[in-house]
1. Just to confirm my numbers, what's the Cα centroid distance between the stretch 26-52 and the stretch 79-108 in Å?
2. By how many degrees, between 0 and 90 and to the nearest 10, does the Cα long axis of helix 122-133 differ from the longest principal axis of the chain?
3. Calculate for the chain the 222 nm mean residue ellipticity that helices alone would give, adding -39,500 (n - 2.57) per DSSP H run of length 4 or more and normalising by residue count, nearest 500 deg cm²/dmol.
4. Applying a 10 Å radius around every beta-carbon, put 148-155, 171-178 in order of their mean neighbour count, most first.
5. What is the stretch 189-280 by shape, rounded, prolate or oblate, if you read a ≥ b ≥ c off the alpha carbon gyration tensor as root eigenvalues and call it rounded for a/c under 1.5, prolate for a/b larger than b/c, and oblate otherwise?
6. Using the 10 angstrom Cβ neighbour count as an exposure proxy, how do E248, E109 rank, fewest first?
7. Hey, fewest Cβ within 10 Å first, where do H20, H195, H31, H226 land in order?
8. Calculated FRET efficiency, H107 and R237, Cβ-Cβ r, R0 22 Å, to nearest 0.05?
Amino acid sequence: MKSQRDTIFVEDAEILKHIHCEGDQHILRLHAPHVARRALPGSFVHVTCDPQRPLRRPISIMRVHADAGEIELLYKVFGQGTRLLSQRQESEQLNLMGPIGKPFELHPERSRPLLIGGGVGMPPMIFLADAARQQKKTCSPFVILGSEVPFPFTSRPSEILIPGLPDGVIATMPLLEDWQIPARLTSTQGYPGCHQGYVTDLARLWLDSLDDNERSKVEVFSCGPHPMLEAVAQMARDYNLPAQVSLEEFMACGVGGCAGCIVEVQTANGPAMKRVCVDGPVFDARQVFA
């Protein structure tokens, strides 16, 4: 193990569990104590999927068990690298670089955070929800998760009432329910208990149910595919709400050297090119989607 820039570590992590879900989605539980101690919601790791593929793949962190030195990752097979990763076995080691990236930031004056995750953008929202529940006296999050393939968990009916939502929209993620965090699922695939539509459709229904005072306490946080983030940013503008988004980009080095993940953002001094890996992946939505 060695550090880079005093915050990013290269670490050989042992695979403790490798769970294979529908839709070619997979959950890794890794013993990675150096990453676990330093990761924050929005952080990711750069993973060597297999010795045959030296180019790393960025994967968001879904959960951290800092005391046990463990992290959990959710990923979906998109190409040969992640296909090889899906074949790795428990007790094998994966080389990680991390934690990398600018994290999400919860603001105490915005006590009703709205967390929206789509597809493999769900993990940062789960990590952020876990952080929010540590502030349960001052923070009341609502989580919306969307997927067009089967969710990588077995949903269950929620017992947490959420005013303003359509009848029958009751499916939730069991982990969030156990944390007593209100959450709902969305899809266009007709999954039972899910809202039949997009994440922003359900988010708008919820926002419309709030009075002006309660809506003024909302800040939006989101991670997912680019079109979804663009829709989330537009929704935030429509309701005059601050929003933070985590971008998903291909990258080579992961530490800002290769400039392979550059995006244009708007700043006070005009357009600027920023690196998603180290200047992000979290950005103010207004800077990315002007």
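Each value in this text was obtained by applying a stated rule to the coordinates, not by laboratory testing. As the structure is a computational prediction, the values presented were derived from the model and not from experiment. Cβ placement follows ideal geometry from the backbone for every residue including glycine, while neighbour counts extend to all protein chains displayed.
1. 4
2. Compared with the principal axis, the helix lies near 70 degrees.
3. It comes out at -5500 deg cm²/dmol, rounded to the nearest 500.
4. Taking the mean over residues of other Cβ atoms within 10 Å, the ranking is 171-178, 148-155.
5. Oblate shape, in that a/c is at least 1.5 and b/c is the bigger or equal ratio.
6. The order, fewest Cβ neighbours first, is E109, E248.
7. H20, H226, H31, H195
8. The calculated FRET efficiency here is 0.75.
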